Amino acid sequence: MKQKFNISIIKGDGIGVEIINEAIKVLQKVGSIYDVEFDFSQYLMGGVAYDTTGDPLPQETIDGVLQSDACLFGAIGGQKWDDLPRELRPESGLLRFRKALEVFANLRPAVVYDELIDASSLKPQVIKGVDIMVVRELIGGIYFGEPKGKTATKGWNTMVYTKTEIERISHVAFKLAQKRDKKLCSVDKANVLDVSQLWRDTVTEVSKQYSDVELSHMYVDNCAMQLVANPRQFDVILTGNIFGDILSDEASMLCGSIGLLPSASTGEKTAVYEPIHGSAPDIAGLGVANPIATIASASMMLRYSLGLPKLADSIDEAIKQTLKDGNRTKDIGAFDAKYILTTTQMGDTIVSNIR
Ligand code: IPM
Ligand code: MG
């Protein structure tokens, strides 16, 4: 019998709309080849949701995503909404969204495509073969800690983690490491922060259940340096919310463009797949956005949420083939492009390379 899946789609703002459209085309193609049907339902979130409903995260969106098999997400935000009160801003909607869905584990792979080795600002011999998985805790830490607030002369946030929160994200990271190179580096600031000392103690305790994984600890400032000095030393990086936010942007640059990298946010209830880049309002509507990160996110969705690894492989291969043939979007086109494609052309080329 034909397999059928319900996918919730959030296009969001800026280039979100363009890149999601390309990912949908790719899913439809791979579905038609492997006889899998995807039903897409669209929901509003971000600035467009605020403009339409007065709320950057309507309840209908949360309910719709929870009922679907998985969510494919574009990007949200833009200058237009920057002056709204904080709770009405698209970013607040995104944080509420993550919390409501309880997607506590954010997986952000940084893989250097051989075909694009010259697109990075780092030397090829430093980045060749880089394959890192950043596991970022997503619904705790300083992003959500209380107390927080601001007066005219003082502002404050609180970095809090409970042992339970650290344990559950640690298990996710150790299990991933077991399927990879069996190396896990936990990143904290335990030389200064008490919350980091608890993080370090807890990760060490959890590691006893994963004796096949080699655990190391690193301070976040050192990790930021090591990522550009010798990135190949890393396999899985496990870290908290704000450190993971910063380090995953840094890791993405090893790969040449933030337009390439997918991510997954997972929990017990559902999972959200999205490019790690933002809504890039400066290039929205120009047809120059790179849809690869979103297409690769759709592939991650097939692999991790829908149990369709063959379809995921087929998308990953099509992306590689497309790059191998010299196809580039503007962001990765400076070095060796044979063809500079628009967003739609890149999507179409990847679709045509799916076998
Ligand atoms: C990310 C983004 C978000 C974050 C912003 C848009 C709230 O930078 O997903 O990395 O800080 O988590
Ligand atoms: Mg970020």
Identify the single condition in (1) within 30 Å of residue 343 (Cα to Cα); (2) open to solvent by 40 Å² or more (accessible area, probe 1.4 Å); (3) of a type in the set (Val, Ile, Thr) that residue 204 does not satisfy, given that it satisfies every other one.
-> (1)
Can you tell me which residues in the range 303-343 are open to solvent by 70 Å² or more (accessible area, probe 1.4 Å) and among the β-branched types (Val, Ile, Thr)?
-> 340
Out of all the residues in the range 207-231, which are surrounded by 15 or more Cβ atoms within 10 Å (Cβ to Cβ), out of contact with any strand residue (DSSP E or B) (no Cβ under 6 Å at 6 or more places or on another chain) and under 22 Å from residue 129 (Cβ atoms)?
-> 224, 226, 227, 228, 231
Filter result for the condition that a residue is touching a His at 6+ places or on another chain (Cβ under 8 Å) and open to solvent by less than 30 Å² (accessible area, probe 1.4 Å), over 70, 75, 105 = 75
Conditions (1) in a helix (DSSP H, G or I); (2) more than 16 Å from ligand 1 (Cβ to nearest atom); (3) small (Gly, Ala, Ser) -> residue 224 fails only (2)
Give me the pairs: first residue in the range 41-58 and polar (S, T, N, Q), second residue loosely packed, with under 13 Cβ neighbours inside 10 Å, beta-carbon distance under 9 Å, and six or more apart or on different chains, which are they?
-> 41/67
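For (1) closer than 30 Å to residue 342 by Cβ; (2) free of Cβ contacts under 8 Å to residues at least 40 places away in the same chain; (3) not aliphatic (A, V, I, L, M), each residue gets a yes or a no:
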{"residue": "186", "(1), (2), (3)": "no, no, yes"}
{"residue": "191", "(1), (2), (3)": "no, yes, yes"}
{"residue": "208", "(1), (2), (3)": "no, yes, yes"}
{"residue": "211", "(1), (2), (3)": "no, yes, yes"}
{"residue": "223", "(1), (2), (3)": "no, yes, yes"}
{"residue": "236", "(1), (2), (3)": "no, no, no"}
{"residue": "240", "(1), (2), (3)": "no, no, yes"}
{"residue": "276", "(1), (2), (3)": "yes, no, no"}
Looking only at the range 258-270, decide whether some residue is in contact with a strand residue (DSSP E or B) (Cβ under 6 Å, 6 or more places away or on another chain), buried (at least 23 other Cβ atoms within 10 Å of the Cβ) and over 20 Å from residue 300 (Cα atoms).
-> no
With the checklist (1) part of a helix (DSSP H, G or I); (2) of a type in the set (A, V, I, L, M, F, W, C); (3) under 26 Å from residue 235 (Cα atoms); (4) more than 16 Å from ligand 2 (Cβ to nearest atom) in hand, flag the one item residue 122 doesn't pass.
-> (1)
Selection from the range 187-206 of residues that are touching a Phe, Trp or Tyr at 6+ places or on another chain (Cβ under 7 Å) and of a type in the set (S, T, N, Q) = 191
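The values are calculated or read from the model by the stated rules, or taken from the named source; none is laboratory data. Computed from a predicted model, the values in this text were never measured in an experiment. Neighbour counts run over all protein chains shown; Cβ positions are idealised from the backbone, glycine included. Ligands, DNA and RNA are excluded from the accessible area calculation, which covers all protein heavy atoms including side chains. Shrake-Rupley method; radii C 1.70, N 1.55, O 1.52, S 1.80 Å.
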